[in-house]
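Since the structure comes first, as structure tokens, the remarks are kept for the end.
The values are calculated or read from the model by the stated rules, or taken from the named source; none is laboratory data. Please read these numbers as outputs of a predicted model, since none were measured by experiment. Positions of Cβ are backbone-derived with ideal geometry, glycine not excepted, and every protein chain shown enters the neighbour counts.
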Ligand SMILES: Nc1nc2c(ncn2[C@@H]2O[C@H](COP(=O)(O)OP(=O)(O)O)[C@@H](O)[C@H]2O)c(=O)[nH]1
Ligand SMILES: [Mg+2]
């Protein structure tokens, strides 16, 4: 696939403001930053692959056996690793794998297929506002990502309104207010302890009357096992649906890349209960376990749509599978 088609402009999005970076520049920027973010995973995978094939010229069964734990160590997950290993072994038997370079190439194709298998473009509604719910457990980066996402959408020329629907903690509302100021977007809130559905109702009414393109709601951290909190989320969904047909259009589960297989287990149960449409993977910077992206695809059957690569406002990039795989294996 041609790289330039992958960050293609979405049909529902208006022209970028003139001050914004040109599209090719922006793509290159995203690519470089993705590469930078997965440096540790790439280095450890790359070292592993090199040490596995250093002794023999041809890649044999024994060297493939040695590769298996290395893939697991990158948090690619046992199910995904099993699929990849089976395909590599078949390939080695059928045609042989002649060199480390060829092994990497085949591995890249395998990884790419796994990600492309769950890829689907984000569906934007034909009439605004687009309603986005940010959900997940505590501390994964929901509030931070809500702020970054507002900035990203705004840089794409879309008008944004934020809703502080984490009424559980006072700090969460203040935290989101800071992000709203940074990207200069309006924010609707209620007081701490208030009903998040009421805040959402007000935010949607405001978004409709102002013809805002996107309304993003930050929600309280919750576990799928907390029945009351899951019911609260259901109520929010119903409120959104009542005010805006088809809403919520996106339910993004925010996952922390550093929590590995534990986070994945939690996410599996969460996605079932909350009708998640896509994943935002945060804290990809600095982890050597970026392979979790592949485990997410295999086990949750959901695409990673955005990646968090730092704590600053522009440290959120649209996820691109080709750029990711090229950054991971080289
Ligand atoms: N390094 C890094 N830190 C992040 C990223 N996203 C969020 N954080 C940090 O994770 C912590 C929790 O974030 P917060 O948004 O409050 O999580 P919430 O409880 O899900 O709302 C904060 O210290 C954030 O700065 C990221 O992509 N990279
Ligand atoms: Mg929060």
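Okay, here's what the table says:
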{"quantity": "Selection count, the range 253-296, where residues are within 16 Å of ligand 2 (Cβ to nearest atom) and either modelled with pLDDT of 95 or more or not in a helix (DSSP H, G or I) (or both)", "calculated": "7"}
{"quantity": "Scan of the range 205-219 for residues that are touching a strand residue (DSSP E or B) at 6+ places or on another chain (Cβ under 8 Å) and closer than 16 Å to residue 240 by Cβ, ordered by number", "calculated": "206, 207, 212, 213, 214, 215, 216, 217, 218, 219"}
{"quantity": "Any strands (runs of 3 or more DSSP E) falling wholly within the range 134-241 and containing at least 2 residues that are under 24 Å from residue 256 (Cβ atoms) and within 16 Å of ligand 1 (Cβ to nearest atom)", "calculated": "160-165, 214-219"}
{"quantity": "Considering residues of the range 236-252 that are over 23 Å from the mean Cα position of the chain (by Cα) and exposed (fewer than 14 other Cβ atoms within 10 Å of the Cβ) only, the residue modelled with the lowest pLDDT", "calculated": "245"}
